[in-house]
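This report concerns only the one structure given below.
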Amino acid sequence: MRNKVGIFIGCVLILLWCLLPVAWIISLSFKSQAAITNGSPGFFPASGDGAGWSNYSDVLANDQFRRAILNSIGISLIATVLSVIIATLAAYAIARLEFKGKKFVLTMALAIAMFPVVSLVGPLFDMWRTIGLYDTWPGLIIPYMSFTLPLAIWTLSAFFREIPWELEQAAQVDGATSWQAFRRVIVPLAAPGVFTAAILTFFFAWNDFVFGISLTSTESARPIPAALTFFVGADPFNRPASLLAAGAVVSTIPIIFIVLIFQRKIVAGLTSGAVKG
Amino acid sequence: MSTATASTDSKRDSKRDTRLPASNRAKAETRLGQKLVAPAIVVMLLVTAFPMLRALYLSVFNYSLTAPEDREAVGLSNYLTALTDPLFWKVTAVTVLYMVVTVAIELVIGFAFAMVMHRIIFARGLIRTSILIPYGIITVVSGFAWQFAFTYQNGFVNQWLPFIGDTFNWFGDTTPAVIAIMVSEIWKTTPFMSLLLLAGLAQVSEDMLEAAKVDGATWWQRLWKVILPNMRAAIMVAVLFRALDAYRIFDNIFVMTAGAVGTESISFLTYRQTIEQFQLGMGSALSVLLFLSVLLIAFGIVKLFKVDLASARQEG
């Protein structure tokens, strides 16, 4: 009985921990901009300080912000698809084949997962400017791919190791062609793993800030996290907090959607891969 | 199942190998395997090894993008300047402080969360979904949310905390500003820690716990003598990843203080030198030093705790 009460209290604490700051940023996004300028402390908007949906309509009417959403969605999706395709090939080889250099690939992936990203932005900044990738979509897609590959390879090879590959031969014995065996047997078994790797990769790309801020200079490629910091001016102590909060909420909506739909897959991927994204 | 067949296959191959120099099949398999991993290796090296070598090269120049014609080789003087500057050491100390404090707190809270999630019977999906929200949220957004929460003009923290005046300025001095940054960092990354620990907790055998209980071990003894030793590998993997991640702390500092009042980390200093001040030579030297310190920390943790990453992964 005491145990159950403890777990119940634990659950409440976890929920508070996770949701309170989210509730705060939503509440902040409904404070009016005038109230923010005058100072309006407190968790909820004071009476008369409410802004309705006006912060949201202002944010969505802002060209820079709309463009940043487009950039983020495009860049993250392309990087995710490319990274998962390349990682699937590598993970298949790692899980299924015996070859020289297997250890090397896994060690390298691990080393890159721990790489201090900031130490690359200087040389990349210089290189990208020379070859014309600075401030373009590919200029961000390429580094996102490199830094999500380790996570994708580890997650996928863990999944692929669990697949009963004999089923492929069994299907062939039963008269399926090798294409049919692959298409009807292996693809459905491998799809959940590939999907999980894709979600984790997308999270990484969507969250990235260091590359986003260093390798872009205009709205032609600037992703949301970087745009949020630009959109408000350089002074961190005097910001249109509520407007920014509305932007932050908008940028979090896709993440919440993905989490709500794919909760099970994400947890499985994080715990089997044991590599941070 | 699959690994069993694969290993007998390869055993058969290696037996054949002792008779023949190398079977065609093994050769073909190696070729195919290498072909399949080649694209991944190329992409990973393109953006890491190559720029890192370039940083190594640039670091021996006095090279500023604002005056590129004046580039000249200066040997190791950039490193000397950095390593003899008290600012470098101060920034490194602050970074180590961020790393040690956040990882320690995350480990304790993350473990408590993992224990709750492991034992929970109701609302499992709800808890797991909500714990993924901080994990998935953009770090920049977390930074903004907490910065606004701590400001006295529009936040709520001063009102909620006892013994703190309503007009206390968290961002006016190093200690409170560092605390605010740590709060955002801890909030965002504890869920990741707790999920890794949850996977480790699932490996602890229930029979062993039951046996300890029958033998009269208290809850505290079971925790320290049975649970923790049995999930050592998972704890070490979680600490290693989080420590290296925390050492690279950048986003929260950028958003919350922009490095003001002594909150700057080593990553932020490197960024400021290269991207804001265009000092590519000096910035590259700092990049190399940052890289070396990350290697040193990784090596230290692996040696100190004898983490075998490969085996930890097999179990986890």
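The values are calculated or read from the model by the stated rules, or taken from the named source; none is laboratory data. The structure displayed is predicted, hence computed values, not measured ones. Every residue, glycine as well, gets a Cβ built from its backbone with ideal geometry; the counts of neighbours run over all protein chains shown.
Details
- Positions within segment B:234-247 being crowded, with 22+ Cβ neighbours inside 10 Å and within 11 Å of A:PRO116 (Cβ to Cβ), in sequence order: B:TYR247
- Single residue of A:SER47, A:SER40, A:SER57 found to be under 18 Å from B:ALA149 (Cα atoms) and outside the structural domain of A:GLY247 (by TED's automatic domain parsing): A:SER40
- A:ARG161 vs. criteria at the interface with another protein chain (Cβ under 10 Å from one of its Cβ atoms), over 16 Å from A:PRO143 (Cα atoms) and at pLDDT below 85: yes
- When A:LEU70 is tested against (1) touching a residue at least 12 places away in the same chain (Cβ under 8 Å); (2) assigned to a helix (DSSP H, G or I); (3) more than 9 Å from chain B (Cβ to nearest Cβ), just one condition goes unmet, and that condition is (1).
- From the list A:PRO150, A:PRO138, A:PRO143, the lone residue that is over 25 Å from A:PHE104 (Cα atoms) and not aliphatic (A, V, I, L, M) is A:PRO138.
- Restricting B:LEU292, B:LEU286 to residues that are more than 7 Å from every other protein chain (Cβ to nearest Cβ) and either assigned to a strand (DSSP E or B) or surrounded by 23 or more Cβ atoms within 10 Å (Cβ to Cβ) (or both) narrows the list to B:LEU286.
- Condition broken by B:GLY143, with the remaining ones in (1) within 18 Å of B:GLY172 (Cα to Cα); (2) within 7 Å of chain A (Cβ to nearest Cβ); (3) not aliphatic (A, V, I, L, M) satisfied: (2)
- Here B:ILE109, B:ILE133 are screened, and the one residue that is of a type in the set (A, V, I, L, M, F, W, C), within 30 Å of A:GLY212 (Cα to Cα) and either free of Cβ contacts under 8 Å to residues at least 60 places away in the same chain or assigned to a helix (DSSP H, G or I) (or both) is B:ILE133.
- Count of residues meeting criterion [facing chain B (nearest Cβ under 9 Å) and buried (at least 20 other Cβ atoms within 10 Å of the Cβ)] in segment A:18-32: 7
- Qualifying residue in segment B:164-186 (condition: touching a Ser or Thr at 6+ places or on another chain (Cβ under 6 Å), within 30 Å of A:SER29 (Cβ to Cβ), of a type in the set (S, T, N, Q) and in contact (Cβ under 8 Å) with a residue 60 or more places away in the chain): yes
- Looking at A:LEU77, A:LEU97, A:LEU82, A:LEU60, just one residue is at pLDDT below 90 and surrounded by 15 or more Cβ atoms within 10 Å (Cβ to Cβ), and that residue is A:LEU97.
- If only residues of segment B:136-160 that are assigned to a loop (DSSP other than H, G, I, E, B), without any contact (Cβ under 8 Å) to a residue 12 or more places away in the chain and surrounded by fewer than 21 Cβ atoms within 10 Å (Cβ to Cβ) are counted, the one that is nearest to the chain's Cα centre (by Cα) is B:PHE156.
- In segment B:168-202, the residues that are over 22 Å from A:GLN263 (Cβ atoms) and not in a helix (DSSP H, G or I): B:PHE168, B:ASN169, B:TRP170, B:PHE171, B:GLY172, B:ASP173
- Conditions (1) in the same structural domain as A:ARG161 (by TED's automatic domain parsing); (2) over 29 Å from B:THR190 (Cβ atoms); number of the one not met by A:GLN33: (1)
- Subset of segment B:243-265 (residues that are within 8 Å of chain A (Cβ to nearest Cβ) and either touching a residue at least 40 places away in the same chain (Cβ under 8 Å) or more than 17 Å from B:VAL294 (Cβ to Cβ) (or both)): B:LEU244, B:ASP245, B:TYR247, B:ARG248, B:ASP251, B:PHE254, B:VAL255, B:MET256, B:THR257, B:ALA258, B:ALA260
- Within segment B:117-133, being within 7 Å of another protein chain (Cβ to nearest Cβ) and surrounded by 21 or more Cβ atoms within 10 Å (Cβ to Cβ) holds for B:SER130, B:ILE131, B:LEU132.
- Evaluation of A:LEU124 against the conditions (1) at pLDDT below 90; (2) surrounded by fewer than 23 Cβ atoms within 10 Å (Cβ to Cβ); (3) facing chain B (nearest Cβ under 9 Å) shows that the sole unmet condition is (2).
- Residue match in segment A:172-190 (condition: surrounded by 15 or more Cβ atoms within 10 Å (Cβ to Cβ) and free of Cβ contacts under 8 Å to residues at least 12 places away in the same chain): yes
Residue-by-condition table, conditions (1) within 7 Å of chain B (Cβ to nearest Cβ); (2) modelled with pLDDT of 80 or more; (3) in contact with a strand residue (DSSP E or B) (Cβ under 8 Å, 6 or more places away or on another chain); (4) in a helix (DSSP H, G or I):
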| residue | (1), (2), (3), (4) |
| --- | --- |
| A:ALA221 | no, yes, no, no |
| A:ARG239 | no, no, no, no |
| A:THR252 | yes, yes, no, yes |
| A:LEU270 | yes, no, no, yes |
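- Of everything listed in (1) of a type outside the set (Gly, Ala, Ser); (2) out of contact with any Gly (no Cβ under 8 Å at 6 or more places or on another chain); (3) more than 9 Å from chain B (Cβ to nearest Cβ); (4) touching a residue at least 40 places away in the same chain (Cβ under 8 Å), the single unmet condition for A:VAL117 is (3).
- Number of the exception - A:ALA87 against (1) more than 17 Å from the chain's Cα centre (by Cα); (2) at the interface with another protein chain (Cβ under 8 Å from one of its Cβ atoms); (3) buried (at least 20 other Cβ atoms within 10 Å of the Cβ): (1)
- All of (1) assigned to a helix (DSSP H, G or I); (2) without any contact (Cβ under 8 Å) to a residue 12 or more places away in the chain hold for A:ALA35 with one exception: (2).
- Filter pass, B:ALA234 being outside any helix (DSSP H, G or I) and under 22 Å from the mean Cα position of the chain (by Cα): no
- Residues located in segment B:153-183, provided they are among the hydroxyl-bearing types (Ser, Thr, Tyr) and modelled with pLDDT under 85: B:THR167
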